[in-house]
Amino acid sequence: MIKTLKFGGTSVGSAENMRRVAQIIVSEGGRLTVLSAMSGTTDTLVSISSAASRGDSETVRAGIDLLREKYTTCINLLLNSRLDEALQALERSFTVLSNETFTYRGEVSDRLMLAQGELLTSAIFCLYMQEAGHRAVLIHSPEVMRTDYDHKPDTIHLKQSLQSRMNDPEAYYIAQGFICTDAAGQINNLGRGGSDYSASLMGVAIGAAEVQIWTDIDGMHNNDPRIVDKTRPIRHMSFDEAAELAYFGAKILHPATIQPCKEAGISVRLKNSISPSDEGTLISDTKEDESDFHAIAAKDGITVVRISSARMLMAYGFMRKVFEVFEKYKTPVDMITTSEVDVSLTIDNTRFLQEITRELAPFGTIEVSSNNTIICIVGRLGDDHTGMAARIFGALKQVPIRMISYGANHRSIALLVTTEYKVQALQSLNDHLFEF
Ligand code: ADP
Ligand code: ASP
Ligand code: MG
């Protein structure tokens, strides 16, 4: 069975963890492995590039020193015979960082700097695999992962270029997650947390039977384990349920991960690299769980745009005009509710908010409010099953609810609350809807 394995930042976060990852790859027979940067790297690179943009050389220096120390320690603990090659890879990446912070060129520099985490981590790891006696081959992901002007991956190029490179049946291939080449020919990335998405696209490209996402927890939990007490792993999920939870904030998966695998019928397995014998979560074409409530996720940073207009009363074509404005600015809408004379929409990308509100202004009165959270509850929420909404609202007696989206599908309901109520809402839903 051909497998693509992806290891996140914690999984490759130290020399010890990298050794464990090598064992997992060998025992799973992972044909292609996609790696993130060592944990904390991308956050530090973001802070270095933003300091460089402000000319704050002290923060730049502190960030670079921190990373140099982290990677040097890892290399020294991990490598012997290939130590010099790893130190050369380190120098290459740090030369890029010094040059780009010194002659800062805006976004091009930001992206080049951000790419160094994955490039350096994968180079070190591949050398370690080779030193340990395995046939390991490094793939330079920007050569295989290209995106177009809409930032969509070129899956045909990915398939052809991976297949032409992966011609040694005995080798373990190691690629960087997250990074790509964009339509302008520059190094870019698939967005924060994007290594999961790299892995699913690459898994589909090589015709894998399974994509395994190895992380620091024993699978997808029924609620956010970072802020909710008493969550538990879910053993099986359908593609649609997992996609919905990832889209609505379950950080364990990048929101775009599931779709390519769903279309290709490739199952996705979430596993814990710190404890590989844990069962984890299998996401596949399975029939949905029979229990009433399956899982909850929350997405922060939501902005509501409300348009109140008497012109909407009994009118047709009004919605089209409203949606055209969002389309023009390539801004996706998540939730929508309507009354006779108002429509409320939520967005999470506020890059063009000013332009959008300016163009909506002729339609009526526009109100904008930020700092909201969408809470998505997945379960048996079809109209063949009564009492579910009552249980949800019963659990949320103390929480003011701003919007509700229900009935779009049979498996979920989405609620909007102001972010200050998020933790209370998630905990209360957990306590009332799940049995432990
Ligand atoms: P990686 O670096 O391996 O990509 P991430 O930090 O991106 O790991 O994702 C794993 C983390 O996601 C977990 O440590 C956990 O805290 C968090 N998380 C948030 N929601 C969930 C959920 N519903 N189930 C499991 N983990 C979740
Ligand atoms: N290293 C990148 C990030 O921290 C990509 C990833 O981890 O998936 O966002
Ligand atoms: Mg992640």
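The values are calculated or read from the model by the stated rules, or taken from the named source; none is laboratory data. Source: prediction; values computed, not measured. Positions of Cβ are generated from backbone atoms using ideal geometry, with glycine treated the same way; all protein chains shown enter the neighbour counts. Just the protein is used for accessible areas: all its heavy atoms, side chains included, with ligands, DNA and RNA removed. Shrake-Rupley method; radii C 1.70, N 1.55, O 1.52, S 1.80 Å.
Overview of values
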item	result
Average Cα contact separation per residue, the chain, under 8 Å, 6 or more apart, as relative contact order %	13 percent
Carbon and sulfur %, accessible surface of the range 78-215 computed with the full protein complex present, 1.4 Å	49 percent
Surface share of carbon and sulfur [accessible, 1.4 angstrom probe, percent] for the range 343-395	45 percent
Contour minus Cα-Cα distance for Arg19 and Ile274 (0.36 nm per residue)	90.7 nm
Listed residues Arg380, Arg269, Arg226, most fluctuating in the chain (Gaussian network, C-alpha, under 10 Å)	Arg226
Summed side-chain charge close to Asp278 - residues other than Asp278 whose Cβ falls under 15 Å, Lys, Arg +1, Asp, Glu -1	+1
Solvent exposure ordering (accessible area, 1.4 Å, most first) of Lys422, Lys251	Lys251, Lys422
Two-decimal ratio, the chain, of alpha-carbon radius of gyration to 2.2 N^0.38 Å	1.05
Accessible area of Lys6 in the full protein assembly, 1.4 Å probe (Å², nearest 10)	20 Å²
Derived scalar couplings ³J(HN,Hα) [the range 105-113; Karplus, 6.51 cos²θ - 1.76 cosθ + 1.60; whole Hz; x for Gly, Pro]	10, x, 4, 4, 5, 3, 6, 5, 5
Under 18 Å from the Ser308 label point (7 Å along Cα→beta-carbon), backbone N, the range 325-348	337-346
Label-to-label distance, nm, for residues given as Ala361 and Glu91 (7 Å Cα→Cβ offset)	5.8 nm
Efficiency of FRET between His432 and Glu327 - r from beta-carbon atoms, R0 35 angstrom, step 0.05	0.35
Gaussian network model of the chain, springs between alpha carbon atoms under 10 Å - residue of Val341, Val211, Val304 with greatest fluctuation	Val341
Local net charge near Asn372, Cβ-Cβ under 13 Å (Lys/Arg +1, Asp/Glu -1)	-1
Average accessible surface area per residue within the chain, 1.4 Å rolling probe, Å²	45 Å²
Rg/Rg_globular for the range 76-144, with Rg_globular taken as 2.2 N^0.38 Å and Rg from C-alpha atoms	1.24
Solvent-accessible surface ranking, highest first, for Arg192, Arg92, Arg82 at 1.4 angstrom	Arg92, Arg192, Arg82
Bridge type composition, the range 118-272 - antiparallel percent by DSSP, nearest 5	30 percent
Share antiparallel - DSSP beta bridges, the chain, percent rounded to 5	60 percent
Phe352 - accessible surface, heavy atoms, 1.4 Å probe, Å² rounded to 10	60 Å²
Tensor-based shape of the range 120-232 (alpha-carbon gyration tensor, a/c under 1.5 rounded, otherwise prolate or oblate)	oblate
Helix 155-165 vs. the chain, principal-axis angle (Cα, 0 to 90°, nearest 10)	20 degrees
Distance from the range 348-416 to the range 173-246 (C-alpha centre basis), Å	25 Å
The chain - mean residue ellipticity at 222 nm from DSSP helices (-39,500 (n - 2.57) per run, n ≥ 4, rounded to 500)	-12500 deg cm²/dmol
Inter-site label distance for Glu340 and Ile404 at 7 Å from Cα along Cβ, in nm	2.1 nm
Within a Gaussian network of the chain (alpha carbon springs, distance under 10 Å), most fluctuating of Glu91, Glu359, Glu100	Glu359
Under 10 Å, Cβ to Cβ, from Ile213 - net charge with Lys/Arg +1 and Asp/Glu -1	+2
In Å², nearest 10: area of Ile404 left accessible to a 1.4 Å probe	80 Å²
DSSP-defined beta bridges in the range 194-317 - what % are antiparallel, rounded to 5	30 percent
Pair Ser27, Ser291: separation of 7 Å Cα→Cβ label points (nm)	2.7 nm
